[in-house]
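Reading through the structure tokens given below for one structure.
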């Protein structure tokens, strides 16, 4: 029992170390995001109002690509289950209201293992590392953007946990395309009202290039939040496991002492009874 307690305590310390680093990495995309915010007036030009990126999705029968972000490993409490429950709830709700057709791209093996029979995967599940880099999200964001522009999907959504504090996280499903919901990270107090001086600012290729960067930033930021939430959940899970093992160890010691005391009492009783019978 003490050996198991030492293992869980060690795992807690390792997860806490990962969490500290993950919290720092949450600020990594901020400089890039700040530069993208300066290009918002380019995306909001009237010339792009009828582009596929800016048009609302179909009211019914929409084809949806859902990016499901979980972990590769367990022992992190309700972290993965909360995402799975939220995805199931969201799919039921949207299917009943709008009759959507959903395919999923799984970032993390736990989400794939729980949902692949219910929501068909569009490709092999992507492994999630303890500290993801921007290059690791290129395959996800590139596939999502290309498939959307090729009209394979009408909408792209991300399901995952958002890191709030070391004690809490929020599980949500948010739309990425169309009507791009830009991450709040790196948002300046004042966004420029006029487009910067760019070559051919009305070219649709410019809109698509900027949108690709927003999608890539959104996927990367969501993955960073998911990983930070995973480490925080693992810290709490290992802390609870350590406390429970310590409590169980005390209970077992108490039961052992009671059994030992009962055995000693029985032996003393037998000795006294034997002595009285001989006298």
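Structure values in brief
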| quantity | calculated |
| --- | --- |
| Sorted peptide list for 259-269, 5-15, 68-78, criterion being average Cβ within 10 angstrom, highest first | 68-78, 5-15, 259-269 |
| Gyration tensor over alpha-carbon atoms, segment 132-180, equivalent ellipsoid semi-axes in Å | 25, 15, 6 |
| Contact order relative to length of the chain, as percent, for alpha carbon pairs under 8 angstrom and 6 or more apart | 32 percent |
| Overall form of segment 132-216 per C-alpha gyration tensor (a/c, 1.5; a/b vs b/c) | oblate |
| Whole-Å semi-axes of segment 78-137's equivalent ellipsoid (Cα gyration tensor) | 23, 13, 11 |
| Between 0 and 90°, nearest 10: helix 79-98 axis offset from the chain longest Cα axis | 40 degrees |
| For segment 10-120, radius of gyration divided by Kirkwood radius, i.e. Rg to Rh on alpha-carbons | 1.08 |
| Gain upon complete extension [residue 134, residue 95; 0.36 nm per residue less C-alpha separation] | 10.8 nm |
| Packing-based ranking, highest mean first, of 145-153, 209-217, 225-233 given that Cβ atoms within 10 Å are counted | 225-233, 209-217, 145-153 |
| Surface/4 estimate of mean projected area, convex hull on alpha-carbon atoms of segment 54-190, nm² | 9.5 nm² |
| Projected label distance in nm at residue 122 and residue 150, using a 7 Å step from Cα toward the beta-carbon | 0.9 nm |
| Distance between segment 93-132 and segment 139-218 - C-alpha centres, whole angstrom | 19 Å |
| FRET efficiency, 1/(1 + (r/R0)^6) with R0 41 Å, evaluated for residue 62 and residue 193 via beta carbons | 0.80 |
| Convex hull volume per residue for segment 1-68, taking Cα atoms only, in Å³ | 138 Å³ |
| Three-way shape call for segment 129-279 based on the alpha-carbon gyration tensor, with the a/c threshold at 1.5 | prolate |
| 0 to 90° range, to nearest 10: angle between helix 204-278 axis and the chain longest Cα axis | 10 degrees |
| Sum of -39500 (n - 2.57) over DSSP H runs of 4+, divided by residues of the chain (222 nm, nearest 500) | -18500 deg cm²/dmol |
| Nearest 10 degrees, 0 to 90: helix 2-25 Cα axis against the chain principal axis | 20 degrees |
| Base-10 log of normalised Debye intensity for segment 237-279 (one unit scatterer per alpha-carbon) at q = 0.15, 0.25, 0.27, 0.28 Å⁻¹ | -0.54, -0.80, -0.84, -0.86 |
| Net length gained if the chain between residue 250 and residue 23 were fully extended (0.36 nm per residue, minus Cα distance) | 78.2 nm |
| Inter-label distance, nm, simple model (7 Å from Cα along the C-beta direction), residue 165/residue 81 | 2.3 nm |
| Label selected from (1) 1.06; (2) 1.13; (3) 1.47, the criterion being Cα Rg over 2.2 N^0.38 Å as computed here | (3) |
| Per residue convex hull volume, Cα atoms of segment 185-246, in Å³ | 89 Å³ |
| Average Cα contact separation per residue, segment 36-156, under 8 Å, 6 or more apart, as relative contact order % | 31 percent |
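Laboratory data are not the source of any read-out in this text; all were calculated from the coordinates shown. Keep in mind the model is a prediction, meaning the values are calculated, not measured. When we count neighbours, we look across all protein chains shown, and the Cβ atoms used for this are built from the backbone with ideal geometry, even at glycine.
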